[in-house]
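Student: Below is one structure. I have some questions about it.
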Amino acid sequence: MGVGGARNEPELQAELLKLGVRYLTCGADVGYVIDGGRADSAAIRAMPLR
């Protein structure tokens, strides 16, 4: 069983897991992709040029 849309609700997330949920999404795919891109950009910007 899977559930989505339980973002920022840790008590609800824990209860759902206790009920047997095995797929729990707590955000949108776009948000995860953007966060990954930001992390990559920050890593590149932090590289020394010399």
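What follows draws every value from the coordinates through simple rules; no lab data is involved. Because the structure is predicted, anything quoted here is derived from the model rather than measured. As a convention, Cβ positions derive from the backbone with ideal geometry for all residues, glycine included, and neighbour counts pool all protein chains shown.
Student: Rounding to the nearest 20 debye, state how big the charge dipole of the chain is about its Cα centre with +1 on each Lys and Arg Cβ and -1 on each Asp and Glu Cβ.
Tutor: 260 debye
Student: Right, something else. Would you grab the residues whose amide H sits under 5 Å from the one on VAL3? Only those 5+ places off in sequence or on another chain, please, with H modelled 1.01 Å from N.
Tutor: So VAL3 has HN proximity to TYR23, LEU24, THR25.
Student: Between the helical axis of 29-45 and the dominant principal axis of the chain, each derived from Cα atoms, what acute angle in degrees is found, rounded to the nearest 10?
Tutor: 30 degrees
Student: Could you point to the label whose value was computed as P(r) over Cα pairs in 10 Å bins from 0, in percent for the structure here, given (1) 23, 32, 23, 15, 7, 1; (2) 25, 55, 17, 3; (3) 21, 44, 28, 7, 0?
Tutor: (1)
Student: If you don't mind, there's one more thing I want to ask. Could you rank the peptides 4-17, 31-44 by their average count of other C-beta atoms within 10 Å per residue, with the highest value first?
Tutor: The packing order, highest mean first, is 4-17, 31-44.
Student: With a cut-off of 8 Å between alpha carbons and a minimum separation of six or more residues, what is the relative contact order of the chain in percent?
Tutor: 38 percent
Student: Same structure, new question: Considering the dipole of the chain built from charges on the beta carbon (Lys and Arg +1, Asp and Glu -1) around the Cα centre, which of ALA42, GLY5, LEU19 is farthest to its positive end?
Tutor: Projecting each Cα onto the dipole axis, the largest value belongs to ALA42.
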